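One structure is given below, encoded as structure tokens.
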Amino acid sequence: MDIEAIRNEFPILHQEINGKPLVYFDNAATTQKPNAVIQALSDYYEGYNSNIHRGIHTLAEKATKAYEATRTSLQAFLNTKESEEIIFTKGTTESINLVAATYGRQNVKEGDEIIVSGMEHHSNIVPWQILAEEKGASIKVIPVKENGELDYDHYLTQLNSSTKIVAVNHASNSMGTINPIKDIIKAAHDVGAKVLIDGAQASAHLPIDVQDLDCDFYAISAHKFYGPTGTGALYGKRQLLEAMPPYQGGGEMIKDVSFESTTYNDIPYKFEAGTPNIADVVAFKAAIEFIENTGKVSMAKYELELLQYATEAVSSIKDIRLIGTSPNKVSVLSFVMEGVHHFDIGQMLDARGVAVRTGHHCTQPLMDRYGIEGTVRASFAVYNTINEIDQMVEGLERIVKFMK
Ligand code: PMP
């Protein structure tokens with residue numbers, strides 16, 4: 001892959017921060033956007049901004065076509081059986097909340113159990129807690145082993161006929177661990193539970209085939225894989241989506257409304273009340289095309305080379321401890337430095353132009369599991385380079401010298 005050519009597609013990368021070339025290693029929080037995505041946004045606003053699905057004029061038709069074209073692209077990206085099984089949302093958080101508030105409310109009763117994992121993002125914990133509290137259900141947690149992998153054998157002992165929902169991530173945002181979701185899904189189905197997969201961190205790096213996985217729901221955010229913020233999607237199996245009550249009421253999600261009663265629209269529109277985030281959904285397609293044109297498999301292979309190089313270099317620095325050492329990871333490297341607060345490391349790296357994430361990464365229970373408050377997290381995307389990792393490692397070595 002021609003990384004220099006790829007870098008040239010990302011205008012934001014070509015700047016200095018604190019007098020040093022920007023090194024952007026906060027890709028697990030959000031990726032940067034290629035020209036094609038930025039252009040798609042301005043093309044929409046300059047050329048065919050219009051509300052969708054309602055108008056019969058030319059601009060409305062063009063906007064509707066572009067909006068629906070993203071749904072078709074996502075159908076291929078996730079390998080869903082039908083495009084109607086894709087609902088546009090604000091992102092992973094809203095997708096999970098949608099399922100908890102509709103499928104969850106309809107199907108979870110007092111005494112039922114919901115299983116999440118110990119490495120979930122807060123957005124795959126809190127919606128289930130709200131549901132469990134409302135219904136008198138309980139939450140069980142799959143433990144995380146020292147190396148950052150799930151204790152799968154323990155999970156099998158947690159499943160029973162009271163398990164109604166299993167909600168786990170495909171890959172961890174804090175450690176990068178890739179979870180054995182196909183096995184997790186199969187075992188949950190064996191006891192009659194439904195499974196939601198949080199795909200926020202997997203979408204940029206792993207092939208996703210929802211039919212092969214046989215998951216019931218899969219949630220993604222466009223901004224985690226080169227697309228705009230404020231949009232994402234929920235995949236759900238047709239028969240589940242059709243049986244679920246609507247999430248929000250409003251325009252577009254109805255067939256007929258009277259003051260006596262309302263009949264709801266077909267899926268996916270039943271779940272897309274109101275004017276959606278048209279511009280960002282339209283530009284989302286350009287992000288999917290960027291990944292398809294660059295080649296997801298080659299991108300992931302290159303990112304893993306970066307991860308391996310960084311893992312070796314960072315772990316050889318005195319007093320650094322890696323959090324999450326599974327060999328099966330996406331390109332996320334989390335670590336702590338003995339005696340130095342992660343915020344201080346983040347600030348000192350920023351002074352050298354290096355953007356890393358510090359803190360609990362919205363996974364406080366996971367931090368508790370390791371007895372830490374937070375980590376420094378460097379997460380790599382296709383536009384990162386070995387030279388950039390050297391710049392970070394040099395910074396870390398200086399921090400060790402300076403602080404000790
Ligand atoms: N789950 C995981 C694993 C994540 O990494 C994130 C984003 N950090 C989310 C859920 C929430 O995604 P969003 O904020 O885009 O809704």
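Among the residues of the range 233-242, some residue qualifies, meaning at least one is buried (at least 24 other Cβ atoms within 10 Å of the Cβ), away from the ligand (no atom under 16 Å from the Cβ) and small (G, A, S). Of all the residues in the range 13-28, those that are among the aliphatic types (A, V, I, L, M) and more than 18 Å from I291 (Cβ to Cβ) number 3.
Taking the criterion of being aliphatic (A, V, I, L, M), in contact (Cβ under 8 Å) with a residue 60 or more places away in the chain and either in a strand (DSSP E or B) or touching a Leu at 6+ places or on another chain (Cβ under 6 Å) (or both), the only residue of the range 190-202 that qualifies is L196. Say whether the condition of being farther than 27 Å from T358 by Cα and either buried (at least 23 other Cβ atoms within 10 Å of the Cβ) or touching a Leu at 6+ places or on another chain (Cβ under 7 Å) (or both) is met by at least one residue in the range 119-128. Among the residues of the range 119-128, not one is farther than 27 Å from T358 by Cα and either buried (at least 23 other Cβ atoms within 10 Å of the Cβ) or touching a Leu at 6+ places or on another chain (Cβ under 7 Å) (or both), which makes the answer no.
Against the list (1) within 30 Å of I389 (Cα to Cα); (2) within 16 Å of the ligand (Cβ to nearest atom); (3) of a type outside the set (V, I, T), the condition E94 fails is (1). Here I254 clears all of (1) touching a Lys or Arg at 6+ places or on another chain (Cβ under 9 Å); (2) surrounded by 12 or more Cβ atoms within 10 Å (Cβ to Cβ); (3) touching a residue at least 12 places away in the same chain (Cβ under 8 Å) except the condition numbered (3).
Examine the range 73-82 for a residue that is among the aromatic types (F, W, Y) and farther than 19 Å from G227 by Cβ, and state whether such a residue exists. Within the range 73-82, none of the residues are among the aromatic types (F, W, Y) and farther than 19 Å from G227 by Cβ.
Of V340, V336, V330, all but one fail to be out of contact with any Phe, Trp or Tyr (no Cβ under 8 Å at 6 or more places or on another chain) and within 30 Å of D2 (Cβ to Cβ); the exception is V330.
State whether one or more residues within the range 231-246 are at pLDDT 95 or above and either among the β-branched types (V, I, T) or closer than 21 Å to N387 by Cα (or both). Yes: the range 231-246 contains one or more residues that are at pLDDT 95 or above and either among the β-branched types (V, I, T) or closer than 21 Å to N387 by Cα (or both). Hey, any hits in the range 213-227 for a residue that's touching a residue at least 12 places away in the same chain (Cβ under 8 Å), assigned by TED's automatic domain parsing to the domain that holds I267 and surrounded by fewer than 16 Cβ atoms within 10 Å (Cβ to Cβ)? Looking through the range 213-227, at least one residue is touching a residue at least 12 places away in the same chain (Cβ under 8 Å), assigned by TED's automatic domain parsing to the domain that holds I267 and surrounded by fewer than 16 Cβ atoms within 10 Å (Cβ to Cβ).
When the range 129-160 is filtered for residues that are among the hydroxyl-bearing types (S, T, Y) and within 25 Å of T93 (Cβ to Cβ), the ones remaining, listed by number, are S138, Y155.
Residue selection: D153 fails the criterion of being more than 13 Å from the ligand (Cβ to nearest atom) and under 28 Å from V382 (Cβ atoms).
Here's the yes/no breakdown for (1) within 26 Å of K81 (Cβ to Cβ); (2) touching a residue at least 40 places away in the same chain (Cβ under 8 Å); (3) of a type in the set (F, W, Y):
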{"site": "E242", "(1), (2), (3)": "yes, no, no"}
{"site": "F259", "(1), (2), (3)": "no, no, yes"}
{"site": "T262", "(1), (2), (3)": "no, no, no"}
{"site": "F271", "(1), (2), (3)": "yes, yes, yes"}
{"site": "P276", "(1), (2), (3)": "yes, yes, no"}
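Check L13, L59, L74 and return the single one that is buried (at least 16 other Cβ atoms within 10 Å of the Cβ), outside the structural domain of L304 (by TED's automatic domain parsing) and not aromatic (F, W, Y). The match here is L74. Give K194, K182 a once-over and let me know the one that is charged (D, E, K, R) and either on the phi > 0 side of the Ramachandran plot or over 19 Å from the mean Cα position of the chain (by Cα) (or both). Selected residue: K194, the only one of K194, K182 that is charged (D, E, K, R) and either on the phi > 0 side of the Ramachandran plot or over 19 Å from the mean Cα position of the chain (by Cα) (or both). In this structure, is Y370 in contact (Cβ under 8 Å) with a residue 12 or more places away in the chain, over 30 Å from K145 (Cα atoms), assigned by TED's automatic domain parsing to the domain that holds E303 and among the hydroxyl-bearing types (S, T, Y)? Answer is no for this residue. Looking across the range 203-221, the residues that are away from the ligand (no atom under 15 Å from the Cβ) and either among the charged types (D, E, K, R) or outside any loop (DSSP other than H, G, I, E, B) (or both) come down to D209, V210, Q211, D212, L213, D214, D216.
The values are calculated or read from the model by the stated rules, or taken from the named source; none is laboratory data. From a predicted model like this one, the values you see are computed outputs, not experimental measurements. Glycine gets a Cβ as well: all are built from the backbone with ideal geometry, and neighbour counts include every protein chain shown.
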